[in-house]
Amino acid sequence: MEEKIVMILNEMSEYLSVSQMKKLQEVMLHAFAEREQEKTQINNEEYLVMFLDAKKIEGCSERTIQYYHVTIKKMLDTVPQPVRKITTEDMRAYLSEYQKLNNCSKVTVDNVRRNISSFFSWLEEENHILKSPMKRIHKIKTNQQVKAIITDEDIEKLRDKCSCIRDLSMIDLLYSTGIRVGELVNLNISDINFEDRECVVLGKGGKERKVYFDAKAKLHLQAYLGSRSDYNPALFVTLDAPHDRLKISGVEIRMRELGRSINLNKIHPHKFRRTMATRAIDKGMPIEQVQKILGHSQIDTTMRYAMVNQSNVKTSHQKYIA
């Protein structure tokens, strides 16, 4: 507080007389004192609620809000002092202890760091604290592992194992569009444009975008919708009555079961997304267009999803360099 007052007074010194400067200092000290008194009446739990409300208004999903809540509340329960007194040293010690106690990876710890950093950055932006204690705690360096994708052969095996047209339609839609599982389950029949083979999905932050599916997905989706007798507007519903909208967990369980049936233990909806991105870049689609289809705000995120085929890299090198 004192630093801000001194900075303002220094800025105004060449424009005001001595008496005016004294009056300005008096008014500022009084105003800041009232503000500080108001802040002391807000506890950590209330700050967390205010932060989560702000994130809801920004359009964050329920899963994101819940992740923020769990990670930040755990920190506040562990670090005893009010948020306005938490230091950089406190947070370094917390993250270090968190990794030891939970025996988790650097990626997990960095996700926790990022969530906590968002919380303190918001407190700083809203003038609840003078400076975020997370500013000097940088991104934790992690090993960049090349994540596997689903091969064309395995896709065909998954298709062959589908016992119902619904699951076949889900696989084709995930594989050709690269949409998130949350976007998949939120789709309605009215969102599908069969003539142009496209659909509108609601992505992160409430942003709408168009994605495109192939002919195989079109035929299987039309067959699936033709087989249904319910009136649910959802594109994908449960197999049993009352045929409710399919949930994220339902899709994840079904994909995992199909994967295990062909001896693949790591088949999940997000893997289809990474596979689509890799295939698109591998076949020459510009990275900016892949970014648009996937709905990424940062192109760096798109690059992390895509694993460019090494043989194609070699071919390109021979074409342009050798």
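I need the helices (runs of 4 or more DSSP H) fully contained in region 166-277, keeping only those with at least 1 residues that are surrounded by fewer than 16 Cβ atoms within 10 Å (Cβ to Cβ).
Per the criteria, 215-227, 248-261.
So, in region 121-136, exactly how many residues are farther than 18 Å from MET75 by Cα and either in a helix (DSSP H, G or I) or touching a His at 6+ places or on another chain (Cβ under 7 Å) (or both)?
1
With GLU183, GLU198, GLU257, GLU252 as the choices, which residue is of a type in the set (Asp, Glu) and touching a helix residue (DSSP H, G or I) at 6+ places or on another chain (Cβ under 7 Å)?
GLU252
Among the residues of region 94-120, write down those that are not in a helix (DSSP H, G or I) and not hydroxyl-bearing (Ser, Thr, Tyr).
Taking region 94-120 first, the residues not in a helix (DSSP H, G or I) are 103-105.
Within region 94-120, ASN103, CYS104 meet the criteria.
Can you pull out the residues in region 79-93 that are more than 18 Å from TYR68 (Cβ to Cβ), not in a loop (DSSP other than H, G, I, E, B) and not hydroxyl-bearing (Ser, Thr, Tyr)?
Residues satisfying the conditions are ARG84, LYS85, GLU89, ASP90, ARG92, ALA93.
Taking ASP53 as meeting all but one of (1) within 29 Å of GLY203 (Cβ to Cβ); (2) open to solvent by less than 60 Å² (accessible area, probe 1.4 Å); (3) of a type outside the set (A, V, I, L, M, F, W, C); (4) without any contact (Cβ under 8 Å) to a residue 12 or more places away in the chain, write down the number of the exception.
Of everything listed in (1) within 29 Å of GLY203 (Cβ to Cβ); (2) open to solvent by less than 60 Å² (accessible area, probe 1.4 Å); (3) of a type outside the set (A, V, I, L, M, F, W, C); (4) without any contact (Cβ under 8 Å) to a residue 12 or more places away in the chain, ASP53 misses just condition (2).
Can you name every residue in region 208-265 that is free of Cβ contacts under 8 Å to residues at least 24 places away in the same chain and among the charged types (D, E, K, R)?
Scanning region 208-265 gives GLU208, LYS210, ARG228, ASP230, ASP240, ASP244, ARG256, GLU257, ARG260.
Quick one: would you say LYS131 is without any contact (Cβ under 8 Å) to a residue 12 or more places away in the chain and open to solvent by 80 Å² or more (accessible area, probe 1.4 Å)? Step through it out loud before you land on a result.
Values: without any contact (Cβ under 8 Å) to a residue 12 or more places away in the chain: yes; open to solvent by 80 Å² or more (accessible area, probe 1.4 Å): yes.
In short, yes.
Kindly check whether there is at least one residue in region 137-158 that is part of a loop (DSSP other than H, G, I, E, B), buried (at least 16 other Cβ atoms within 10 Å of the Cβ), out of contact with any Cys (no Cβ under 7 Å at 6 or more places or on another chain) and without any contact (Cβ under 8 Å) to a residue 60 or more places away in the chain. Walk me through how you get there before you give the answer.
Looking only at region 137-158, we keep the residues that are part of a loop (DSSP other than H, G, I, E, B), and these are 137-151.
Of the ones still in play, those that are also buried (at least 16 other Cβ atoms within 10 Å of the Cβ) are 137, 140, 149-150.
Narrowing further to those that are out of contact with any Cys (no Cβ under 7 Å at 6 or more places or on another chain): 137, 140, 149-150.
When the remaining residues are screened for being without any contact (Cβ under 8 Å) to a residue 60 or more places away in the chain, the result is 137, 140.
The answer is yes; a qualifying residue exists.
Taking ILE72 as the residue in question, decide whether it is modelled with pLDDT under 95 and in a helix (DSSP H, G or I).
So ILE72 does not fit the description; no.
Filter region 278-303 down to the residues that are under 21 Å from the mean Cα position of the chain (by Cα) and closer than 19 Å to CYS199 by Cα, then identify the one that is most open to solvent (accessible area, probe 1.4 Å).
LYS292
What is the one condition in (1) farther than 24 Å from MET285 by Cα; (2) over 20 Å from the mean Cα position of the chain (by Cα) that SER176 does not satisfy?
(1) is the only condition that SER176 fails.
Here is a check on your reading of the model: is MET91 over 16 Å from the mean Cα position of the chain (by Cα), at pLDDT below 90 and open to solvent by less than 30 Å² (accessible area, probe 1.4 Å)?
So MET91 does not fit the description; no.
The values are calculated or read from the model by the stated rules, or taken from the named source; none is laboratory data. The structure presented is a predicted model; accordingly, all values stated were derived computationally and were not measured. Reconstructed Cβ throughout: ideal geometry from the backbone, glycine too, with neighbour counts over all protein chains shown. With ligands, DNA and RNA removed, areas are computed over all heavy atoms of the protein, side chains included. Shrake-Rupley method; radii C 1.70, N 1.55, O 1.52, S 1.80 Å.
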